[in-house]
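The structure appears below as structure tokens.
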Amino acid sequence: MKKLLLQYASYNVWANQKLVDCIDNLTDEQIKRKINSSFKSIYATLIHLWDAESIWWQRVKLQERIIVPSENFKGTMAELANSLSQQSKQWKDWVDSTPESSLDHVFQYYNKKKEHFKLPIYQMLHHVFNHGTYHRGQLINMLRQLGVEKVPQTDFSFWITSKK
């Protein structure tokens, strides 16, 4: 289990970076342009990715008061990209240093509606990395709607085969 989760964590870092590198070539207007998707813009989608990774991080670290990064964030695209990258790397380092036996540990948390849940860590990690994949797919679609012709290949299988 740990080997697979570490692959997912590493892949998450890599795929996020691929997209951020592509987005870095866009203008600020393009990054913030309203596009039909789950979130109103590329910027808003990246904010959501960062928020989600950070919220789950705080939950697994048993923080009593969850801080949503975007609530006080007024930074640039470069600062957002760096923050998302740092959070993703923090997940990778944590998975790498966590004993396999700890991945079965069940932790409890409350969602935004104050509903109580219990979840094994390995399932939470799978959710975090799968969630990122879902929204990166949306970002690829948004880039295409902006006319970007050279979008990055971010499939897990591409990451695996490109490492060999």
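The values are calculated or read from the model by the stated rules, or taken from the named source; none is laboratory data. Since we're looking at a predicted model, the values are computed, not measured. Here Cβ is always computed from backbone atoms with ideal geometry, including for glycine, and neighbour counts include all displayed protein chains. Side chains are part of the model used for accessible areas, which takes the heavy atoms of the whole protein and leaves out ligands, DNA and RNA. Shrake-Rupley method; radii C 1.70, N 1.55, O 1.52, S 1.80 Å.
The table for this structure:
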item: The stretch 53-70: number of residues that are surrounded by fewer than 18 Cβ atoms within 10 Å (Cβ to Cβ), modelled with pLDDT of 95 or more and part of a helix (DSSP H, G or I); result: 2
item: Candidates Ser102, Ser88, Ser157, Ser83 - the one that is assigned to a helix (DSSP H, G or I), out of contact with any Asp or Glu (no Cβ under 6 Å at 6 or more places or on another chain) and touching a residue at least 40 places away in the same chain (Cβ under 8 Å); result: Ser88
item: Residue tally, condition within 13 Å of Trp56 (Cβ to Cβ) and open to solvent by 70 Å² or more (accessible area, probe 1.4 Å), over the stretch 93-123; result: 4
item: Leu84 vs. criteria open to solvent by less than 40 Å² (accessible area, probe 1.4 Å) and over 18 Å from the mean Cα position of the chain (by Cα); result: no
item: Residue count, the stretch 14-48 (criterion: within 26 Å of Tyr122 (Cα to Cα) and in contact with a Ser or Thr (Cβ under 9 Å, 6 or more places away or on another chain)); result: 9
item: Test: Pro120 is touching an Asp or Glu at 6+ places or on another chain (Cβ under 7 Å) and either within 30 Å of Asn36 (Cα to Cα) or not aromatic (Phe, Trp, Tyr) (or both); result: yes
